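To keep things clear, I will list the structure first and then write my remarks on it.
Every number here is computed from the coordinates shown, using simple stated rules; none is lab data. Note that the structure is a prediction, hence the values are computed from the model and not measured. Cβ: placed from backbone, ideal geometry, glycine included. Neighbour counts: every protein chain shown.
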Amino acid sequence: MQDLPNGNESMPTQKGELARERFVNATKQIILANGVEHVTARNVARIAGYSYATIYHYFSDLDAMLLAAKESLMQDVAQFMVADRAAAVIDVKDVKRLNRVYIQYYLNHPHVFRFFYFYQSAEAATLAVERDFKSVWHATYKVFVENGTIDEDEVEALAKSIIYTLHGLLSLYFSENGLSKESLFNDLDHITEFLLKDRRKS
């Protein structure tokens with residue numbers, strides 16, 4: 001296995017970034033395949049091709065490395081959504097389509113969902129990735145504001161209602177308490193239709 005100088009010595013930035021990236025990718029590989037509970041310094045180092053002690057030249061502890069992996073996985077989810085998000089949302093069918101794409105990512109990668117929403121770490125409160133979710137929400141539901149279905153100041157509440165529904169249904173599904181995949185999608189569609197129902201008086 002490769003080893004690198006200790007953290008007190010100078011190290012080429014490019015070499016350091018490559019090692020850090022390998023550790024993050026190895027962590028992600030373990031999470032995707034087997035779950036976060038299988039992430040150990042030795043397992044990550046073995047896959048990355050370094051001695052396990054080298055990890056601590058780049059991360060203060062295992063939680064810090066998991067935080068970096070979480071940030072990277074969040075970007076992967078966003079990339080998974082890009083193709084479908086490219087098409088403008090013009091009606092409820094488009095919102096349901098985006099919801100299903102989002103749900104499908106976690107159905108494909110259940111260990112990622114459990115890592116995101118059930119794994120507790122000391123670093124959780126210091127997640128460095130900040131995303132402008134409000135601008136995404138307003139762009140997604142813009143057509144419903146323009147046609148009068150919802151008011152501008154209701155967008156955040158609507159978006160959060162759908163997001164919490166998505167995560168709640170996924171939690172029920174992964175808990176194996178009787179919610180089938182078909183029911184998951186159908187319930188999500190029905191709740192989305194209800195939330196985006198045009199309640200304007202004729």
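Calculate the FRET efficiency for Lys15 and Asn147 from the Cβ-Cβ distance with a Förster distance of 45 Å, rounded to the nearest 0.05. Write out the running numbers ahead of the final one.
Values: r = 55 Å, r/R0 = 1.22.
The value I calculate is 0.25.
Would you mind putting 192-198, 156-162, 111-117 in packing order, based on average other-beta-carbon counts within 10 Å, highest first?
Numbers: 192-198: 14.4, 156-162: 16.6, 111-117: 18.4.
Ranked by mean Cβ neighbours within 10 Å, highest first: 111-117, 156-162, 192-198.
How far apart, in nm, are two points set 7 Å out from the Cα along the Cα-to-Cβ line at Lys181 and at Arg199?
Each label point lies 7 Å from its Cα, and together they span 3.5 nm.
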